[in-house]
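Working notes for the structure below.
The values are calculated or read from the model by the stated rules, or taken from the named source; none is laboratory data. What you see is a predicted model; the values in this text were computed from it and never measured. Neighbour counts are summed over all protein chains in view; Cβ atoms, including those assigned to glycine, are modelled from backbone coordinates with ideal geometry. Surface areas here come from the heavy atoms of the whole protein model, side chains and all, with no ligands, DNA or RNA. Shrake-Rupley method; radii C 1.70, N 1.55, O 1.52, S 1.80 Å.
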Amino acid sequence: MTLFKTIMVAAAISMTSVSAYAEEVKLGDLTLSNTWTRATPPNAKAGGGFVTITNNGTEADRLVSAASDVSKRVEIHEMAVADGVMKMRELENGIEIPAGETVVLKPGGLHIMFMGLNGKFEEGQDVAVSLTFENAGSVDIDLSVAAMGAKKINHDHGHSHDHGDGHGHDGHKHDDHSGHGKN
Ligand SMILES: [Cu+2]
């Protein structure tokens, strides 16, 4: 490919990906919204993925796994304070979505974890991920890449996303997975 063509292709890609915020996705009784991730610093080994899941049904469901081409592995994690230290761990049994309730995956809490990134996430891109639920099955969604370190994503359609997230979780580094040791 010539340099000129390379530049044209790069320009086309960046133009189409800006403002491609994901819409709500319905899967059976579930509604998935606010699907996003964050730009990663150079050489980051991992990144988090976030989504809001509402169960409109009368039975609980469970997010059991996630898969993507963007990293070598995708896990479901929880971040929580243990003995005064913010830590995260893999949720082997996934995340329950109780009937009639909404579960928010967000920075500082539950999240999807991309481990062993194949490339960095760039702001404005979409990151494709497939989520599998025990009852509702699987769905492919796109995570909009927000700015590095963002606490939330600002969607075009102007909902207020006040998740009360001002607890100073900045110290959490997603590229520090030394404690996981699952290999
Ligand atoms: Cu994590």
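Given a 1.4 Å probe, how much area per residue of region 20-144 is accessible, in Å²?
On the way: 5740 Å² over 125 residues.
Here the residues of region 20-144 average 46 Å² of exposed surface.
Pairs from the list LYS26/LYS87; LYS45/LYS87; LYS45/LYS72; LYS120/LYS152; LYS45/LYS151; LYS26/LYS151 with a Cα-Cα gap above 22 Å: LYS26/LYS87; LYS26/LYS151.
Just check region 20-144 against the gyration tensor rule for me: Cα atoms, a ≥ b ≥ c as the square roots of the eigenvalues, rounded for a/c under 1.5, and otherwise prolate or oblate depending on whether a/b exceeds b/c. Oblate, since a/c reaches 1.5 and b/c is not below a/b.
Any idea how far apart GLU101 and LYS120 come out in nm if each label point goes 7 Å out from Cα toward Cβ? The modelled label-to-label distance comes out at 3.8 nm.
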